[in-house]
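Down below is the structure, laid out as structure tokens.
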Amino acid sequence: MYIFTPANVSFADEREIDEDLIEIGEFVDNPVDDSNLIEGIDYDIETTTIYFDDIDDNNTQSTIDYLNSLRDTPTTPVKPILTVTDQTNDNLITPSMVVMPGPKHKTTDVKYIKETVGTKTLWKTSGQPGITIGLNFTKMTTATVSKTYGASFSDLSANINFTIGKTYSVSSTGTYTVPKTHKGKAVSKAEVTGHPIYKKYTMKVHEKNNILYRYDYKGIAYAYKPIGIDIQYKHYYK
């Protein structure tokens, strides 16, 4: 909670804008060695699926026998296993699929960076010299993220202590008496505004790759948790 009284008001310089803010663990990128795969064959992780077009009923079994025999050949870099599903009318070969467990996206290396002030205005008030302005406001603002890479808010929030996309309550209290002079100049009025304060976090986002059975690195994202209200003052002069 941020309390502002006439005795401790400071007139800050213009704040630096956080360009990443949009208001409204160690990781191995390539754990699978694929250097020995045979060109022209599509592979799963546990089994290898080979695709055929317009196969002939008379030679289907001999083709399967031949390919499966490669498993026992010492010089074969990869030992394929052909998986066949016979559909009576079309004689189609359907690939097997190994579904990797875990969420579609995950985050690693989540770190707190700093507090930052947003440009969104939560409330605004003004007064003439000698007038005391109340600063008691409670507003709702949303935790946000700079970029999702297609990930859900739930997946992005898994390793942080707040929920991206959730609305949080923030408050300010106190009073401010508009001065008659400021920096040696006669004041005609003062305008006071409240802006959200966020805790800023950085994270690495990864996407599940079911084919290679791993998570692929997608990029950096910044997450913002609302924690309070920053009071800013603007003075108009005669």
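The values are calculated or read from the model by the stated rules, or taken from the named source; none is laboratory data. In this text, all values refer to a predicted model and were calculated from it rather than measured experimentally. When we count neighbours, we look across all protein chains shown, and the Cβ atoms used for this are built from the backbone with ideal geometry, even at glycine.
If you check A186 against the conditions, is it surrounded by fewer than 18 Cβ atoms within 10 Å (Cβ to Cβ), in a loop (DSSP other than H, G, I, E, B) and aliphatic (A, V, I, L, M)? Steps first, please.
Numbers: surrounded by fewer than 18 Cβ atoms within 10 Å (Cβ to Cβ): yes; in a loop (DSSP other than H, G, I, E, B): no; aliphatic (A, V, I, L, M): yes.
Answer is no for this residue.
Hey, can you tell me all the residues within region 130-148 that are in contact with a Ser or Thr (Cβ under 8 Å, 6 or more places away or on another chain) and surrounded by 12 or more Cβ atoms within 10 Å (Cβ to Cβ)? So that I can check it myself, show each step before the final result.
Going through region 130-148, the residues in contact with a Ser or Thr (Cβ under 8 Å, 6 or more places away or on another chain) turn out to be 130-143.
Scanning region 130-148 gives I131, I133, G134, L135, F137, T138, K139, T141, T142, A143.
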Screening S171, S157 for residues that are within 11 Å of the chain's Cα centre (by Cα), of a type in the set (S, T, Y) and either surrounded by 15 or more Cβ atoms within 10 Å (Cβ to Cβ) or under 16 Å from I231 (Cα atoms) (or both) leaves only S157
Checklist entry - In this structure, does K199 turn out to be in the same structural domain as K106 (by TED's automatic domain parsing) and surrounded by fewer than 18 Cβ atoms within 10 Å (Cβ to Cβ)? => result no
